[in-house]
């Protein structure tokens with residue numbers, strides 16, 4: 001549920017709003033009637049996304065072996081010419 005809250009009310013009732021977020025509410029903070037910010041729950045676990053990305057990269061590297069005999073430094077220098 002998204003609830004509009006004025007900036008003054010958000011300032012004075014921040015602990016109450018945070019408890020509401022823990023309960024699943026979302027708040028849009030307004031300033032003179034215009035939306036300026038959203039108060040939403042933090043993302044749960046960014047660490048697991050990073051771990052999954054590393055696992056995918058390692059799997060890719062195991063399947064796609066590097067091609068031997070290529071001078072990477074020479075290719076880099078060739079691109080700079």
Criterion: within 22 Å of the chain's Cα centre (by Cα), in contact (Cβ under 8 Å) with a residue 12 or more places away in the chain and not in a strand (DSSP E or B) - qualifying residue of 29, 21: 21
Among the candidates 42, 37, 50, which residue alone is assigned to a strand (DSSP E or B), within 25 Å of the chain's Cα centre (by Cα) and without any contact (Cβ under 8 Å) to a residue 12 or more places away in the chain? 37
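No value in this document is a laboratory result; all are computed from the given coordinates. Computed from a predicted model, the values in this text were never measured in an experiment. We place every Cβ from the backbone using ideal geometry, glycine too, and count neighbours over all the protein chains shown.
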